[in-house]
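The values are calculated or read from the model by the stated rules, or taken from the named source; none is laboratory data. This one's a predicted model, so the numbers in the text were calculated from it and none came from an experiment. When we count neighbours, we look across all protein chains shown, and the Cβ atoms used for this are built from the backbone with ideal geometry, even at glycine.
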Amino acid sequence: MLLPRAASKLVAPAELTDSELRAYLRRHFAECVLPTRIVRVDTVPRTATGKILRPALQDLPAPPAP
């Protein structure tokens, strides 16, 4: 059975590398919940009340294929 590939979109400091981020995630989360791809974004779209605007997250650039 093929599982869907998860992509994570995040706002992170430029000095934090993807490999450092992956190492951190591996220490704190089970392998089955780790994203297969990470996409850095400048900002997360929010509603007027400050909540994350989830539908707008889908419109952000797609991650490059691994």
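Could you grab me the full set of residues in the stretch 34-53 that are at pLDDT 85 or above and either more than 17 Å from Ala7 (Cβ to Cβ) or assigned to a helix (DSSP H, G or I) (or both)?
Arg46, Thr47, Ala48, Thr49, Gly50, Lys51, Leu53
Going by what's in this entry, would Leu3 be described as among the aliphatic types (A, V, I, L, M) and at pLDDT below 75? If you could, list the steps in order and put the result at the bottom.
Details: among the aliphatic types (A, V, I, L, M): yes; at pLDDT below 75: yes.
In short, yes.
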